[in-house]
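The values are calculated or read from the model by the stated rules, or taken from the named source; none is laboratory data. This one's a predicted model, so the numbers in the text were calculated from it and none came from an experiment. Glycine gets a Cβ as well: all are built from the backbone with ideal geometry, and neighbour counts include every protein chain shown. Accessible surface is based on the protein model in full, side chains and every heavy atom, while ligands, DNA and RNA are left aside. Shrake-Rupley method; radii C 1.70, N 1.55, O 1.52, S 1.80 Å.
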Amino acid sequence: MLSQLTKLGIRKDHLERLSPLAYFGIVVLGVVAFVAIFAPWLAPYELTHMDVTRQLESPSGDHWLGTDENGADVLTLIIYGTRVACLVGIAVVSICSTVGIILGAVSGFFGGVIDEVIMRITDILMAFPGILLAILIIFITQEPSLLAVIGALSVSGWAGYARLVRGQVLSVRDEAYVEAATALGFGPKRILFRHVVPNTLAPVIIQATFGVAGAILAEAALSFLGLGPQDMPSWGAQLDQGASYFLLTPHMAIFPGLAIMFTVLSINFVGDGLRDILDPRGLSRH
Amino acid sequence: MTRFLVRRFFTSFIVLFGVVTLVFFILRAVPGDPVESILGEQALEVDKEQMRECLNLDEPLWNQYLLFWQDVFDLSFGELCDQPGVTVAEQLVEVIPATFELALAAMFFAILIGIPLGIIAAIRPYSWIDNTSAVISLMGISIPNFWLGPMLLILFSLTLQVLPNPGAQVTGLTALVLPAITLGTAMSAKLMRMTRSSMLEVLNREFVRTAKAKGVSRARVVLKHALRNALIPVVTIIGLQFGALLTGAIIVEKIFARPGVGTMLLDGIEARNYLVVQGCVLFISFSYVVVNLLTDLVYGMVDPRIRYD
């Protein structure tokens, strides 16, 4: 693990310089991952448990965070909701960064027509602000599933990575080590993906970290609008339900939101920490 | 400069062309019969036939695509076939002011909070003020607006009873306060971080040191010399964030039951009326592209040092 990190330009003393907030973030994310994996053992009720005689109850000994409109336990739903958040966050960022790195690297390295075409496609995708394109794609699926949401967010998400990697590749393309690799007779594929790309990854790692937070927020926003995965409990969908009952009982709106906020905040802490150690200028915090 | 302008307009044109094409083909991939989803399955065969004709669904696909372009060019975005004579654009025009009012109020709030805090944080980097505001701004980015909205409602409308509930048919500024704060918080956090880093960079430059050395007062150095230079990247962020405000408005309008483009879009999705969905999506992307173009042009005017070649 450490040797792999070294390849990406992260050294051991870097990790020691990570800010306390970043460590706090890592701990919280560890807890979230633990909850996601062991959800069935941690949840006080079965996921399918509903007690129609106990709808919209406030927090009590039986239901620590109360019950929802179907009489389901809110804590159980939040615990299972970590699975959707983790799956969406990790899947979307893995897909987007892989596609973005490959297309961005090819675009920046070879230039010409390929570059022009790929960049115009990213322009078009980025003309849809935020989750707008995802809303449009999900509109054509009748019952949005988890896969549909991941797909929709990935289609609109890779363009940012491609732009970033292209810029990075352009800035190192003419470095001496690339010339040396060419002189040694290496093929363009090897030079690009073994020499150029690894040297451009530090900002990609930072963007990917924030990307996980962005994907989790986007999924929650889609669910809040009723366009999220219908096959799994999502924090956004619980918030949507809670928001329509907030005059009656606020607990259903409060807790899923806290879960989203703490997860996203922790990821942003880690992202900020990584930027502080990977960004040579050191001062930037935007 | 002229070359830049030509190229910039050309790119925007290509982007708009791509956006229209993409939206057209995505929406034509909707499974099921769009006529039935608008009229309902029990509708009379005559009505269905009429609707099919009205939606141009009896034409071949490429012909539909050309007719779609015609609707875009005459800025009608198509006729609403369930309400003959009414175009999507007419419906949009009715709701656009509400959305723009919300977006502008949110932007005003964001600038009012974000830029002063960013300046204060940059004057004393790594002090407790800076660290606190760094954490607050991270929280501002991490709090989803669809949670912040209900929380503000619980606090101000329910507990303190100082601001109106949504749906209470209130108008005027008070009805705009909570929606604007909800929508503007994330942007104010981003502006704050951007202002801080931009100010820090400028405050270390030679001309600032020179100004200090010749005895210019601290306030004047910060506000006059440094801020004017630091604001240039901030202006860009404000432009880029406009799109985020328009998308965020979809969510905020839902929370506060406000009319607007977002509400129209969600109603269109609910009714599975793809003409409405298409019109709203095109409107939002078009405004985003235009604002980005304007930002790029303004950028050149604000900073004469920027050269485009």
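The set of residues in the stretch B:95-108 being touching a residue at least 24 places away in the same chain (Cβ under 8 Å) and out of contact with any Leu (no Cβ under 8 Å at 6 or more places or on another chain) consists of B:VAL95, B:ILE96, B:ALA98, B:PHE108. For the stretch B:1-14, taking the residues that are in contact (Cβ under 8 Å) with a residue 12 or more places away in the chain and within 14 Å of another protein chain (Cβ to nearest Cβ), the one that is nearest to A:ALA152 (Cα to Cα) is identified as B:SER12. Could you check, for the stretch B:182-191, whether at least one of its residues is out of contact with any Cys (no Cβ under 6 Å at 6 or more places or on another chain), at pLDDT 85 or above and at the interface with chain A (Cβ under 9 Å from one of its Cβ atoms)? Yes, some residue in the stretch B:182-191 is out of contact with any Cys (no Cβ under 6 Å at 6 or more places or on another chain), at pLDDT 85 or above and at the interface with chain A (Cβ under 9 Å from one of its Cβ atoms). Just so you know, in the stretch B:244-275 the residues that are assigned to a loop (DSSP other than H, G, I, E, B) and of a type in the set (Gly, Ala, Ser) include one that is surrounded by the fewest Cβ atoms within 10 Å (Cβ to Cβ), and it is B:ALA257. Filtering the stretch B:67-84 to residues that are touching a strand residue (DSSP E or B) at 6+ places or on another chain (Cβ under 7 Å) and either of a type in the set (Phe, Trp, Tyr) or open to solvent by 50 Å² or more (accessible area, probe 1.4 Å) (or both) leaves B:PHE77, B:GLU79. Among the residues of the stretch B:293-302, some residue qualifies, meaning at least one is over 17 Å from the mean Cα position of the chain (by Cα) and either crowded, with 21+ Cβ neighbours inside 10 Å or not aliphatic (A, V, I, L, M) (or both). Checked against the criterion of being within 30 Å of A:TRP41 (Cα to Cα) and surrounded by fewer than 20 Cβ atoms within 10 Å (Cβ to Cβ), the candidates A:ALA85, A:ALA91 yield just one match: A:ALA91. For the stretch B:137-150, a residue qualifies if it is more than 7 Å from chain A (Cβ to nearest Cβ) and touching a Leu at 6+ places or on another chain (Cβ under 8 Å), and the qualifying residues are B:SER137, B:ASN145, B:GLY149. When A:GLY81, A:GLY66, A:GLY30 are checked against the criterion of being touching a residue at least 60 places away in the same chain (Cβ under 8 Å) and within 27 Å of the chain's Cα centre (by Cα), A:GLY81 stands alone in meeting it. Scanning the stretch B:26-43 for residues that are open to solvent by 30 Å² or more (accessible area, probe 1.4 Å) and touching a residue at least 24 places away in the same chain (Cβ under 8 Å) turns up B:ARG28, B:VAL30, B:PRO34, B:SER37, B:ILE38, B:LEU39. Of everything listed in (1) surrounded by fewer than 19 Cβ atoms within 10 Å (Cβ to Cβ); (2) more than 8 Å from chain B (Cβ to nearest Cβ); (3) not aromatic (Phe, Trp, Tyr), the single unmet condition for A:MET252 is (1).
Output yes when any residue across the stretch B:68-76 is touching a Leu at 6+ places or on another chain (Cβ under 9 Å), in contact (Cβ under 8 Å) with a residue 40 or more places away in the chain and of a type outside the set (Lys, Arg), and no when none is. So far as the stretch B:68-76 goes, yes, one or more of its residues are touching a Leu at 6+ places or on another chain (Cβ under 9 Å), in contact (Cβ under 8 Å) with a residue 40 or more places away in the chain and of a type outside the set (Lys, Arg). All conditions in (1) touching a residue at least 40 places away in the same chain (Cβ under 8 Å); (2) within 14 Å of another protein chain (Cβ to nearest Cβ); (3) surrounded by 23 or more Cβ atoms within 10 Å (Cβ to Cβ) hold for A:VAL165, with the sole exception of (2). Exactly one residue out of A:ILE95, A:ILE78 is of a type outside the set (Lys, Arg) and either within 14 Å of another protein chain (Cβ to nearest Cβ) or not in a helix (DSSP H, G or I) (or both): that is A:ILE78. A:ILE121 meets all of the listed conditions (1) facing chain B (nearest Cβ under 9 Å); (2) over 30 Å from A:ILE191 (Cα atoms) but one, namely (2). Considering each residue of the stretch B:15-28 in turn, at least one proves to be within 14 Å of chain A (Cβ to nearest Cβ) and over 23 Å from the mean Cα position of the chain (by Cα).
When we screen B:ARG228, B:ARG305 for residues that are modelled with pLDDT under 85, part of a helix (DSSP H, G or I) and not aliphatic (A, V, I, L, M), the only hit is B:ARG228.
Checked against (1) surrounded by 14 or more Cβ atoms within 10 Å (Cβ to Cβ); (2) under 30 Å from B:LYS254 (Cα atoms); (3) of a type outside the set (D, E, K, R), B:VAL93 passes all but condition (1).
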